[in-house]
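Asker: Sharing a structure with you now.
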Amino acid sequence: MKYPKRLITQTPECLTEPVSQSINVIISTLFALVFLTAYVPFSSTAWFQVGKGSYFFTTLAFVGTGTLFLALSRTLMTWLVKKMRHFPFWFYILWLFLEIVLIAVFYTLLSYFQIQPTGGQSYGFAYILAKSFLITLVALGVPYTVTDLVILLKDAQQRLMLTKSDTVESDDEVMPQHTEIINLMDNNGNLKLSVKLDNLYYIKAEDNYINVFYQRSGAIASYMLRCKMQTIADNCVDSSSLMRCHRSYIVNIKKVSVLHNEADGFVIDFEREGLESVPVSKTYSAKVLEAFNKK
C-alpha cells in the first residue's frame, strides 16, 4: 500500500467519496447526540436536552443546524476535490478541525446569549468557549477518527495487489521468471483477473466499474469488474509502466505508439489496431509526454 507516502500530498479518494461523507456525517451526528446527552449531568454549563424540557427545542435547533452545516460542508468538500488538482491530506484534517471549531463557537453563542446558567452562576465567554471546544472535540473528533480509519482499512482490503511472480501458469503456459503480473480484484477483495503487464493496454473507468483492455491468445479482449480506478492508480502508478493519463484512463505507456496534439489536448494511440484513442487531460499531459519520450 502507498497510503503513508500519498497522505503527504493527496487525501485518499475513499474518504472524500459522497457515500463515505454521508456515513461520516450520520455516525458523527448520532455519536455526538449520545455523548452530549450522557455528558449533561456532569456539567454545570451544559443545557443539552433530548426529552421534554425547557431546552428541548433549543437542542433540536442546535442538532438540526449542526447536521445541516456538516452536510453542506462535506458537499462543498466533495465539489472542491473534483475541481482541485490536489487535495492534500493536511487540508482534509484542517477542514475537519475547522468544522469542530465552528460548531463549538455556535454552541458557545447559544450558551452565552440564550441559555440561562443554572444555580444563578454566570460564566465568562472564554470559559464557555474553552469547555465547548473540548467537548465538541471529543463529540466529533472521536467519530471522525474512527469512521475514517474504518473506511481506510476497508479500502485497503479492496486495493489492487501488484505482484512479481516467479512462476505463474496461465492457459497451460508457464510464464518466465520475474514476469510482472497485474492482479485485479473487485471491491470485495476477490481476484477476478491476472494479466501480464506486457499484455495490458489500458484500463477505462465506467461508472463504478473498470474495463480492462488486454491481449489474450493474440486477440484484444476486455474484462469488466467492479473496482475503483483510484485503487489501481495507488498501486500501479510509479511502480510499473502503467500511468494515469486522465481521470477515467490508465494506460500502459510501453504500448503507446503515437502521442499527438489535438485542439482539446494530447491523444494517445496504441501500437495495436482496433483500440480507441485515449485522451490525455492537462493535469497529466506533462508526465505522459515525459514518460513517452523516455520509453
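The values are calculated or read from the model by the stated rules, or taken from the named source; none is laboratory data. Being a predicted model, the structure only gives us computed values, none of them experimental. As a convention, Cβ positions derive from the backbone with ideal geometry for all residues, glycine included, and neighbour counts pool all protein chains shown.
Asker: Regarding Lys254, is this residue modelled with pLDDT of 85 or more and under 22 Å from Leu184 (Cβ atoms)? Lay out the reasoning, then the answer.
Answerer: Working: modelled with pLDDT of 85 or more: yes; under 22 Å from Leu184 (Cβ atoms): yes.
When the stated conditions are applied, Lys254 passes them.
Asker: So, of the residues in the range 238-266 that are surrounded by fewer than 16 Cβ atoms within 10 Å (Cβ to Cβ) and of a type in the set (A, V, I, L, M), which turns out to be farthest from Ile210 (Cα to Cα)?
Answerer: Per the criteria, the residue is Ala263.
Asker: For the range 177-189, state whether one or more residues are more than 21 Å from the chain's Cα centre (by Cα), without any contact (Cβ under 8 Å) to a residue 60 or more places away in the chain and assigned by TED's automatic domain parsing to the domain that holds Val251.
Answerer: Residues of the range 177-189 that are more than 21 Å from the chain's Cα centre (by Cα), as a first pass: 177-183.
Add one more test, that the residue is without any contact (Cβ under 8 Å) to a residue 60 or more places away in the chain, and what stays is 177-179, 181, 183.
Subset that is assigned by TED's automatic domain parsing to the domain that holds Val251: none.
No.
Asker: Can you tell me which of (1) within 24 Å of Glu17 (Cβ to Cβ); (2) crowded, with 20+ Cβ neighbours inside 10 Å is the one Leu200 doesn't meet?
Answerer: (1)
Asker: Here is a follow-up. Here are the criteria: (1) surrounded by fewer than 16 Cβ atoms within 10 Å (Cβ to Cβ); (2) within 30 Å of Ile151 (Cα to Cα). Tell me which single one Lys282 does not satisfy.
Answerer: Unmet condition: (2).
Asker: Which of the residues that make up the range 249-267 are in contact (Cβ under 8 Å) with a residue 24 or more places away in the chain and either in contact with a helix residue (DSSP H, G or I) (Cβ under 7 Å, 6 or more places away or on another chain) or part of a strand (DSSP E or B) (or both)?
Answerer: From the range 249-267, those in contact (Cβ under 8 Å) with a residue 24 or more places away in the chain are 249-256, 259; that's our starting set.
Tyr249, Ile250, Val251, Asn252, Ile253, Val256, Leu259 - these are the residues of the range 249-267 that are in contact (Cβ under 8 Å) with a residue 24 or more places away in the chain and either in contact with a helix residue (DSSP H, G or I) (Cβ under 7 Å, 6 or more places away or on another chain) or part of a strand (DSSP E or B) (or both).
Asker: Right, another one. Within the range 166-181, identify whether any single residue is more than 22 Å from Ile23 (Cβ to Cβ), part of a strand (DSSP E or B) and at pLDDT 65 or above, and answer yes or no. Spell out the reasoning first.
Answerer: First, the residues of the range 166-181 that are more than 22 Å from Ile23 (Cβ to Cβ): 166-181.
Within this subset, residues satisfying the condition of being part of a strand (DSSP E or B) are 169-170, 173-174, 179-181.
Restricting the remaining residues to those that are at pLDDT 65 or above gives 180-181.
There is at least one residue in the range 166-181 that is more than 22 Å from Ile23 (Cβ to Cβ), part of a strand (DSSP E or B) and at pLDDT 65 or above.
Asker: Same structure again: Just checking, does the range 211-222 include any residue being outside the structural domain of Gln10 (by TED's automatic domain parsing), modelled with pLDDT of 85 or more, surrounded by 15 or more Cβ atoms within 10 Å (Cβ to Cβ) and of a type in the set (Ser, Thr, Tyr)?
Answerer: Yes - at least one qualifying residue is present in the range 211-222.
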